[in-house]
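Everything on this sheet refers to the single structure shown next.
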Amino acid sequence: ERRFGWDTHGLPIEMEVQKELGLTGPAEIEAYGVDRFNEACRARVMANTEVWEAITRRIGRWVDFEHDYKTMDLDFMESVWWVFKQLWDRGLVYKDFKVLPYSYGAATPLSNFEVNLGAYRDVEDPSITVRLEVTEGSGPVEVGDHLLVWTTTPWTMPSNLGVAVGENIGYVRIDGELGGRPGRYWLAEARVTAYFGDEAPEPSAAGAGSDLLGVRYTPAFDYFADKASEGAFVVIASDETTTEDGTGLVHMAPAYGEADFSAFQDAGLDVIVDPVDAEGRFTADVPDVAGVNVKEADPALTRLLDERGALVDEGRIVHAYPFCWRTDTPLIYKAVPTWYVAVERFRDRMAELNRAVHWVPEYVGTRRFGNWLEGARDWAISRNRFWGSCIPVWECEGCDEKVCIGSLDELEERSGRRLDDLHKHFVDEVTFPCPACDETMRRVPEVLDVWFESGAMPYAQNHYPFENEETFRRKFPADYIAEGLDQTRGWFYTLVVHAAAIFDVVPFRNCVVNGMILAEDGRKMSKSLKNYPDPFDVIEATGADALRAYLINSPVVRAEPLRFSEAGVREVVRTVMLPYWNAYSFFTTYAAADGMTVEHLADAPPAAERPEIDRWILSVLQSLVKRVNDEMEGYYLYNVIPPLIDFVDDLTNWYIRRSRRRFWGRHDDADTAAGADTLAAFATLYDVLVTF
C-alpha cells in the first residue's frame, strides 16, 4: 500500500490561522476561544490538497490519494495515545523543569533536535563587559574588588544570579581603569591583555578559580536583590568556563542557559528567576523594560547598566545564532516545565539496532545518524500549543496521582464519556474521580510535539493495535523509507525512538536519503525571495520525464545539496529526451512507410543470427537491464540514471546512425538478404525500444 499521509497538526497551520485571525499569541488565542481557534485550524488544513494531488500525479509519483490518512483523524490520534501509553508503562515518560531551546515566536519550547532543523545565521549582537562589586570576600578576593563578566545577551543581566569560574583556571586582580572606571578587577590571567593591553599593570593578587568560590557580590540590577537570602549572587564552579573569549568569569542566569542551570544544580542552589513571558517579552518584574521583546531590550538595558556604573566595555560581535525553523524568529533558551521521553536510557540500544539498517548513502546512517543516536538526549515532547494530539495524562487536583489514558475505551470507562474527537477543546472537558482520593482528575494542558506523531505513523496509519493487526505485522518493519537529509534529526529519529522503545526493532530495513534542493544561487528556496521557478511551469516547458531524470541524476540522490537549474533540465531534454524521442520517431516513421506490423516481426531471424551490430545493441541492452536491476535492488538510485543516459547515446549515435540504410529496404522482400536484414533491424530496434 502506498497511501498518501497528511501532516495536519502543529505550528505551520497554527501560525497561518493565528495570522488570519489577527491573534498575536497564546493569551489572545485563549481569549478568542481554543475551540474556535482549533476549528479554524481544521478548516485551514486541507486548503492546498488539490495542488498536492495535481503535482504528485503530474510527476508520476505512484500513491493512493483516495485511501489517505490524516494525523487529525480520530483513529490516528487514538493510536498516538496508545504509543504514549506504551512509553508511559515502561517508565520512559517524565516531567521536569529544564532549560530548553524556546521559540517566543511560537510561544513554546522545542526539542534539541529541532534547533538543527532551523537555520543558523550570522547575526550582530551586543558584546558587553560588566563589573560586579564584591560584598563578601574569600581567599585572595576582598570586599570592594570587582568581578568582570562578559556577555552577548544583555537581556539576561536582570536575571543574573551568579558568576561561574573554572576551578583550575588561573585568575588575577588588576588595579586599573576600564571604561573610565577605576577599580580592582578580577579576570582570568589569560584574558588580561585582551582588556588591559600589553602594558597591563602587574597583578595585585592571584588565585585559582577554586579560591574564588563562595565570593558574594552585588548584582548589576536590583530587581531580584531579595534572592540573596536564597543563596544568589555568589561565585560557583562550572566546567563550561573557558578563556577563549570574554573575561573567564561567566555571568549566570539559570533560567536562560542550560549550562547555567546545571551549574546551579551542581552547586546545590535552588534559586531561579524568569521575568520573561511566553511570547518573549519582559514582565512587570523588570519595570524598566516591561512589555519589550528580550532581543529588542538590549540597548535599553545596556544604557541602564552604564547609568548604574556597571558597564566597563561595549562592542559588537558577529556570530552564528539559531532561528526557529517554524516562525523564523531568534531562539532563546528558557527554563520551562516540560514532558520528556527518557531516550538516554535506551540510546545505546538504538545505536545498536541502527547498524542493521541499509542506508543509502551508507555514511549518513553509520556516521551522521549513528553519531546522533549515540549522543541522543532526552526528548522534550510537550508543546504549549493548541492544534495537536493531546498528552493523555490526567493529574489530580488534590494529590500527586497521575493517570495515563491509552484508548477511547479506557477514557470512557473512567469518565463515562465517549469522545469522537481527541483535540484539546474536546478532551480538556473530560474529568473523572481520582482513584487515590476524592478530588477530580484533569488533563495536563500541553499537546504533543508533532514529531511524536510522525514517529507513530507506522502504527497510527493502520489504527494499530485497535484494528488491522495482521496488516500492520505484515508491513512492519517497512522495506524502505525515503526522505531528506534533515530527517536524520527528525522523522528517521522519531521512528527509531518509538520502535526501539516499544518493539525493540528498527522500523525500516532500507533508508534512501536525499539532499536538499537549493535555489540556483545556493540559498534556501523561499517563497518570500521568489528564488525558484513554479514546478508546474518547469514541467509544462520540459516535461515531467526530463525533470525526473535531472533530479535522479544529480547530487541530491547522494544526500548532497543541489542548486536547481532550469538550464540543467533543458540540457536533459536536449541530450537525452529528444534523442530518445527521435529514436522512437525514426522507428515509427519507417515502420509505417514499410507497412510493418508486430506480426511481421515474428518472421525476423533469431537474435543470434542477426548482424553483429544488432547483437551488440541487444547485448548492451541486457547488460543495462542487469545493471539497473542490481542497483535498484540495492536502492542505489544514483547509479541508475547514468547508464540509462549512456544507453540512449549508444542507441542513437551508434546503432541507428550506422543502421540507418537498413531501414530503407522492404521487409516483405524476405527471401533476399536485404529484406532479411531490414526485418532484423526493425525487430532489433522494436525489442530495444519496448524493453528500454
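The values are calculated or read from the model by the stated rules, or taken from the named source; none is laboratory data. Please read these numbers as outputs of a predicted model, since none were measured by experiment. Here Cβ is always computed from backbone atoms with ideal geometry, including for glycine, and neighbour counts include all displayed protein chains. Accessible surface is based on the protein model in full, side chains and every heavy atom, while ligands, DNA and RNA are left aside. Shrake-Rupley method; radii C 1.70, N 1.55, O 1.52, S 1.80 Å.
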Are any of the residues in the range 123-133 out of contact with any strand residue (DSSP E or B) (no Cβ under 6 Å at 6 or more places or on another chain), among the hydrophobic types (A, V, I, L, M, F, W, C), over 15 Å from F233 (Cα atoms) and modelled with pLDDT under 90? no
Among (1) surrounded by 19 or more Cβ atoms within 10 Å (Cβ to Cβ); (2) out of contact with any helix residue (DSSP H, G or I) (no Cβ under 8 Å at 6 or more places or on another chain), where does S528 come up short? (1)
Of the listed residues (A593, A549), the one being under 27 Å from Y480 (Cα atoms) and assigned to a helix (DSSP H, G or I) is A549
The range 663-678 - residue that is in a helix (DSSP H, G or I) and either open to solvent by 30 Å² or more (accessible area, probe 1.4 Å) or under 20 Å from V620 (Cα atoms) (or both) and, of those, modelled with the highest pLDDT: D677
Can you name every residue in the range 476-493 that is part of a helix (DSSP H, G or I) and of a type in the set (A, V, I, L, M, F, W, C)? L485, W491, F492
Need the failing condition index for V45 against (1) assigned to a loop (DSSP other than H, G, I, E, B); (2) out of contact with any Lys or Arg (no Cβ under 7 Å at 6 or more places or on another chain); (3) more than 30 Å from A220 (Cβ to Cβ), just the number. (1)
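Please determine, by comparing only the residues of the range 257-291 that are of a type in the set (F, W, Y) and under 20 Å from I236 (Cα atoms), which one is least open to solvent (accessible area, probe 1.4 Å). Before the answer, list the steps.
At the first step, the residues of the range 257-291 found to be of a type in the set (F, W, Y) are 261, 264, 282.
The next check asks that each one be under 20 Å from I236 (Cα atoms); those that pass are 261, 264.
Details: F261: 29, F264: 4 Å².
So the residue we want is F264.
Residue-wise test of (1) open to solvent by 40 Å² or more (accessible area, probe 1.4 Å); (2) farther than 26 Å from E467 by Cα.
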{"residue": "E412", "(1), (2)": "yes, no"}
{"residue": "L422", "(1), (2)": "no, no"}
{"residue": "H425", "(1), (2)": "no, yes"}
{"residue": "T431", "(1), (2)": "yes, yes"}
{"residue": "R442", "(1), (2)": "yes, yes"}
{"residue": "E453", "(1), (2)": "no, no"}
Taking the range 79-92 as the search range and keeping residues that are farther than 14 Å from I381 by Cα and not in a loop (DSSP other than H, G, I, E, B), which one is farthest from the chain's Cα centre (by Cα)? D89
Of V134, V130, V149, V165, the only residue that is over 23 Å from D226 (Cα atoms), of a type outside the set (D, E) and within 47 Å of the chain's Cα centre (by Cα) is V165
Looking at the range 176-205, I want the residues that are on the phi > 0 side of the Ramachandran plot and have a partner that is surrounded by fewer than 18 Cβ atoms within 10 Å (Cβ to Cβ) and in a strand (DSSP E or B) with Cβ atoms under 6 Å, at least 6 apart or on another chain. Which pairs are those? G179/D313
Quick check: anything in the range 349-358 surrounded by 20 or more Cβ atoms within 10 Å (Cβ to Cβ), farther than 19 Å from W88 by Cβ and of a type in the set (V, I, T)? yes
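Restricting to the range 314-338, and then to whatever is among the charged types (D, E, K, R) and touching a helix residue (DSSP H, G or I) at 6+ places or on another chain (Cβ under 7 Å), can you tell me which residue is most open to solvent (accessible area, probe 1.4 Å)? First the steps, then the outcome.
From the range 314-338, those among the charged types (D, E, K, R) are 314, 316, 326, 328, 334; that's our starting set.
Now drop any that are not touching a helix residue (DSSP H, G or I) at 6+ places or on another chain (Cβ under 7 Å), which leaves 314, 326.
On the way: E314: 119, R326: 89 Å².
Step by step, filter the range 314-338, then rank; the result is E314.
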Qualifying residue in the range 411-423 (condition: of a type in the set (A, V, I, L, M), in contact with a strand residue (DSSP E or B) (Cβ under 8 Å, 6 or more places away or on another chain) and under 30 Å from E483 (Cα atoms)): yes
Could you list, ordered by first residue, the pairs with Cβ atoms under 8 Å in which the first is in the range 449-466 and under 20 Å from K424 (Cβ atoms) and the second is part of a loop (DSSP other than H, G, I, E, B) and among the acidic types (D, E), at least 6 apart or interchain? V450/D7; E453/D7; S454/D7
Scanning the range 472-483 for residues that are free of Cβ contacts under 8 Å to residues at least 40 places away in the same chain and either farther than 13 Å from F369 by Cβ or charged (D, E, K, R) (or both) gives F472, R473, R474, F476, P477, A478, D479, A482, E483
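Would you check which residues across the range 93-107 are among the hydrophobic types (A, V, I, L, M, F, W, C) and either closer than 18 Å to T156 by Cβ or part of a strand (DSSP E or B) (or both) and list them? Write out each step before concluding.
Step one: filter the range 93-107 for residues among the hydrophobic types (A, V, I, L, M, F, W, C), giving 93, 97, 99-100, 106-107.
If the condition is that a residue be among the hydrophobic types (A, V, I, L, M, F, W, C) and either closer than 18 Å to T156 by Cβ or part of a strand (DSSP E or B) (or both), then V93, F97, V99, L100 are the ones that fit.
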Residues that are part of a strand (DSSP E or B), closer than 23 Å to V343 by Cα and among the hydrophobic types (A, V, I, L, M, F, W, C): does the range 458-475 have at least one? no
Given (1) surrounded by 17 or more Cβ atoms within 10 Å (Cβ to Cβ); (2) under 30 Å from K524 (Cα atoms), where does E560 come up short, assuming only one miss? (1)
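Which ones in the range 494-511 are surrounded by fewer than 20 Cβ atoms within 10 Å (Cβ to Cβ) and not in a loop (DSSP other than H, G, I, E, B)? Walk me through how you get there before you give the answer.
Our first condition is that a residue be surrounded by fewer than 20 Cβ atoms within 10 Å (Cβ to Cβ); within the range 494-511, this holds for 502-505, 509-510.
Those that are surrounded by fewer than 20 Cβ atoms within 10 Å (Cβ to Cβ) and not in a loop (DSSP other than H, G, I, E, B): I502, F503, R509, N510.
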If the requirement is being open to solvent by 10 Å² or more (accessible area, probe 1.4 Å) and under 16 Å from F508 (Cβ atoms), which of these qualifies: F476, F472? F476
Which residues, counting only those in the range 139-176, are in a loop (DSSP other than H, G, I, E, B), of a type in the set (A, V, I, L, M, F, W, C) and in contact with a Ser or Thr (Cβ under 7 Å, 6 or more places away or on another chain)? V143, I169
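If I filter the range 231-243 down to residues being open to solvent by less than 30 Å² (accessible area, probe 1.4 Å) and outside any loop (DSSP other than H, G, I, E, B), which single residue comes out as farthest from E142 (Cα to Cα)? Full working, then the answer.
Step one: filter the range 231-243 for residues open to solvent by less than 30 Å² (accessible area, probe 1.4 Å), giving 231-236, 238, 241.
Remaining after also requiring outside any loop (DSSP other than H, G, I, E, B): 234-236.
Details: V234: 14, V235: 13, I236: 17 Å.
Out of the qualifying residues, it is I236.
Being of a type in the set (K, R), closer than 24 Å to Y550 by Cβ and either in a helix (DSSP H, G or I) or touching a residue at least 24 places away in the same chain (Cβ under 8 Å) (or both): is that true of R627 here? Full working, then the answer.
On the way: of a type in the set (K, R): yes; closer than 24 Å to Y550 by Cβ: yes; either in a helix (DSSP H, G or I) or touching a residue at least 24 places away in the same chain (Cβ under 8 Å) (or both): yes.
When the stated conditions are applied, R627 passes them.
Has the range 8-15 got any residue that is of a type outside the set (A, V, I, L, M, F, W, C), in a helix (DSSP H, G or I) and farther than 30 Å from D537 by Cβ? Write out each step before concluding.
Of the range 8-15, the ones of a type outside the set (A, V, I, L, M, F, W, C) are 8-10, 12, 14.
Of the ones still in play, those that are also in a helix (DSSP H, G or I) are 12, 14.
Subset that is farther than 30 Å from D537 by Cβ: 14.
Yes; the residues of the range 8-15 include at least one that is of a type outside the set (A, V, I, L, M, F, W, C), in a helix (DSSP H, G or I) and farther than 30 Å from D537 by Cβ.
Those residues that are out of contact with any strand residue (DSSP E or B) (no Cβ under 9 Å at 6 or more places or on another chain) and aliphatic (A, V, I, L, M), I need them from the range 1-47; list them, please.
At the first step, the residues of the range 1-47 found to be out of contact with any strand residue (DSSP E or B) (no Cβ under 9 Å at 6 or more places or on another chain) are 12-25, 27-44, 47.
The answer is I13, M15, V17, L21, L23, A27, I29, A31, V34, A40, A43, A47.
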So, first residue more than 16 Å from N371 (Cα to Cα) and free of Cβ contacts under 8 Å to residues at least 40 places away in the same chain in the range 493-507, second residue acidic (D, E) and in a loop (DSSP other than H, G, I, E, B), Cβ within less than 9 Å, six or more apart or across chains; the pairs are none
Looking only at the range 551-599, which residues are within 13 Å of F682 (Cβ to Cβ) and polar (S, T, N, Q)? T588, T589, T597
Residues satisfying the stated conditions in the range 195-230, i.e. under 17 Å from V286 (Cα atoms) and assigned to a strand (DSSP E or B): none
